[in-house]
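This report concerns only the one structure given below.
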Amino acid sequence: MTNANWPLWEVFVRAKNGLSHKHAGSVHAADARMAIEAARDVYTRRMEGVSLWVVPSSAIVASDPKEAADLFEPAADKVYRHPTFYTIPEGVKNI
Amino acid sequence: MADDVLFDHALRLGDDALVMGQRLSEWCGHAPMLEVDLALANIALDLLGQATHFLNLAGEIEGKGRDADALAFHRDVLDFRNCLLVEQPNGDFAQTIARQFLFSNWQELLMREIAAAPEPRLAAIGAKAVKEIAYHAKFASEWVVRLGDGTAESRTRMIAGLEWMWRFVDELFDPMDGAPSRRGEWDARINRTLTEAGLELPKPRRGAMGGRAGHHSEHLGHLLTEMQFLQRAYPGATW
Amino acid sequence: MYTTELKDKDQKAAAVSLADEDPEKLAAFEARVAADDFIEPKDWMPEAYRKTLVRQISQHAHSEIVGMLPEGNWITRAPNLRRKAILLAKVQDEGGHGLYLYAAAETLGTSREEMIDALHSGKAKYSTIFNYPTLTWADIGAIGWLVDGAAIMNQVPLQRTSYGPYARAMVRICKEESFHQRQGYEIMSVLAAGTAEQKRMAQDALNRWWWPSLMMFGPPDDKSPNTAQSVRWRIKRETNDELRQRFVDVTVPQAEAIGLRVPDPALTWNDERGSYDFGAIDWEEFYAVVRGEGPVAKERTQARVKAWEDGAWVREAAVAHASKRALKMAAE
């Protein structure tokens, strides 16, 4: 018997134009066309979307949670990247 | 269009969708894969919606106070106007796909004409339905390719499914629908997909006809028995 | 729809292995969970947590899939076109929910095929409620009203469960389920206001589904030793008895509102507790159904196995076609 397991695909749905695609869940499908249709049949039954991406789950590279501190914590003390860091004289507008 | 012609037309459209939807709903919970289960249910729901619209319109044209439910649940075989193709049993998945492939490709061409027809009420329903049906035709055609090209077993089953359904093709192009003009485009579509699937066009054979005149296969009576059970067992009740 | 957390052989083994975990990692994990943080697939987690989750989520998924059968039994016989479309959409939703849940469990490293095999071999459990038959159309009303009602009680708190993919699946499920209970109650209220035959149908369905619905919340707390750990891990948010009591309290007035009688002679309002006291549940029946001795357990398993086996050639064909096409594309 040949392998009958359909690979897993991650589904991303654009809720409406102007928004980015957002991860909605996954489906099993034997080919890309089937994955798009399964994503449509499973994740947009209630008008949830206007566009779909499907990506083979095996193609996704994720960051390692063990590296999370090294990767993300250094951003914490860069407060000068945020506009609220700066003092503006009172009464100055449009800045 | 005269009212009786229009009534009959709406009835044929409604009955096709109703019987096809009823057949597909039998798959719910039993499909080869969950994703396919949901897909078949979506198609069935589209068809039930179309049936409701067309049958309500038929009742309205008739003017005797019958709505879609009265027409769906209180007519016997002789008064059903659907084509023989849609009432054929599901069989295996290949047989179901063969039926859907032949039907949806035909229904899409028909519905495009209806969406552009001068009768505004029919056209409105047709315009909505045509998008749904285009998806059904695509879905079924892709599966014909997968099964035809897949394994030796799936190929054998796909051929058997088409063999079962092929005698009901001619009826779709009955001159009563003004339909022979659609045949060329339909043949081209079917050929294109079968070629991609590595399958041959089934050999011509004598077509089975009669559905549009109420002369159905044995299968429709059983389908109606099941579908109409509650309305028949409890006359006059509301649900 | 949902499942009670049922035990299988793996469970004892899982509980023991907690002692083998790295105490430092375990403490950090417990602290995160206690702080209402979410655990994501690649995060470190104790094996017992992983196993408990796979078991619970897959049981939940199996319940959705098996749960399609009793209601699916009436799709072709629904009394009118509106009810037919509603029921088909609802049963389709259950299939979708099974799909979301299998996907959530797959993030823990168990494939859908493995979970389905466990269901078919009888190793995995599903909610006992689906091993009761749907005899009349009123059963479709009763399932929506009572079974989905009980499910909602359990599922709403699970939207904040500690495992991210499970919590996200539950958010989607709860959103979609919101019409399920209402459509069931609507069916019951129409029947209860209908002909004498319809009213009889409705009352009979309530009589048959009431007690199995109460059993859906699982064994009483003193017989459910796993509850404490599951609550600590936020795999479970409230105890079986708390949820069961809440279900009784909201459902009894709903029955009264449409003129149906809850089949429990011991049912009385307790002013002091602000809750209903209710009669004893037949736990022997519950455990028998868990063991697979429910009235239609055989039919349910048989139907699932048949669908899966009949579909094998279809799944194989699709894979074969995909690899042929990939080869052809590579050659071009």
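The values are calculated or read from the model by the stated rules, or taken from the named source; none is laboratory data. Predicted model only: the values in this text are computed from it and were never measured. With ideal geometry, Cβ positions are generated from the backbone for all residues, glycine too; neighbour counts draw on all protein chains shown. Side chains included, ligands, DNA and RNA excluded: accessible areas come from the protein's heavy atoms. Shrake-Rupley method; radii C 1.70, N 1.55, O 1.52, S 1.80 Å.
Things to note:
- Candidates C:S111, C:S121, C:S127, filtered to the one that is within 30 Å of C:A312 (Cβ to Cβ) and open to solvent by 40 Å² or more (accessible area, probe 1.4 Å): C:S121
- Among the candidates C:R200, C:R244, residue that is without any contact (Cβ under 8 Å) to a residue 40 or more places away in the chain and within 14 Å of chain B (Cβ to nearest Cβ): C:R200
- Residue within the stretch A:65-85 that is touching a Lys or Arg at 6+ places or on another chain (Cβ under 7 Å) and more than 27 Å from C:V319 (Cβ to Cβ) present: yes
Yes/no per residue for (1) in a helix (DSSP H, G or I); (2) within 14 Å of chain B (Cβ to nearest Cβ); (3) among the polar types (S, T, N, Q):
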{"position": "C:P41", "(1), (2), (3)": "no, no, no"}
{"position": "C:R50", "(1), (2), (3)": "yes, no, no"}
{"position": "C:Q56", "(1), (2), (3)": "yes, no, yes"}
{"position": "C:R82", "(1), (2), (3)": "yes, yes, no"}
{"position": "C:L101", "(1), (2), (3)": "yes, yes, no"}
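- Sole residue being open to solvent by 20 Å² or more (accessible area, probe 1.4 Å) and touching a helix residue (DSSP H, G or I) at 6+ places or on another chain (Cβ under 9 Å), chosen from B:G221, B:G184, B:G211, B:G236: B:G221
- Scanning the stretch B:146-156 for residues that are within 8 Å of chain C (Cβ to nearest Cβ) and open to solvent by less than 10 Å² (accessible area, probe 1.4 Å) yields B:R146, B:L147, B:G150, B:S154.
- Test: residue in the stretch B:64-75 that is in a helix (DSSP H, G or I), crowded, with 24+ Cβ neighbours inside 10 Å and more than 9 Å from chain C (Cβ to nearest Cβ): yes
- Screening C:S63 on (1) more than 14 Å from chain B (Cβ to nearest Cβ); (2) within 23 Å of C:E113 (Cα to Cα); (3) at pLDDT 95 or above shows it passes everything except condition (1).
- Pairs with Cβ under 7 Å, 6+ apart, first in the stretch C:279-300 and within 16 Å of C:K123 (Cβ to Cβ), second open to solvent by less than 50 Å² (accessible area, probe 1.4 Å) and among the aromatic types (F, W, Y): C:R300/C:F130
- Members of the stretch B:19-63 found to be touching a Ser or Thr at 6+ places or on another chain (Cβ under 9 Å), crowded, with 22+ Cβ neighbours inside 10 Å, within 8 Å of chain C (Cβ to nearest Cβ) and over 23 Å from C:L101 (Cα atoms), listed by number: B:Q22, B:S25, B:A44, B:L48
- When residues of the stretch A:1-54 are limited to those that are within 17 Å of C:V319 (Cα to Cα) and of a type in the set (V, I, T), the one least open to solvent (accessible area, probe 1.4 Å): A:V27
- Close pairs from the stretch A:53-71: first away from every other protein chain (no Cβ under 11 Å), partner assigned to a helix (DSSP H, G or I), Cβ under 7 Å, at least 6 apart: A:V54/A:A32; A:V54/A:A35; A:V54/A:I36; A:V54/A:A39
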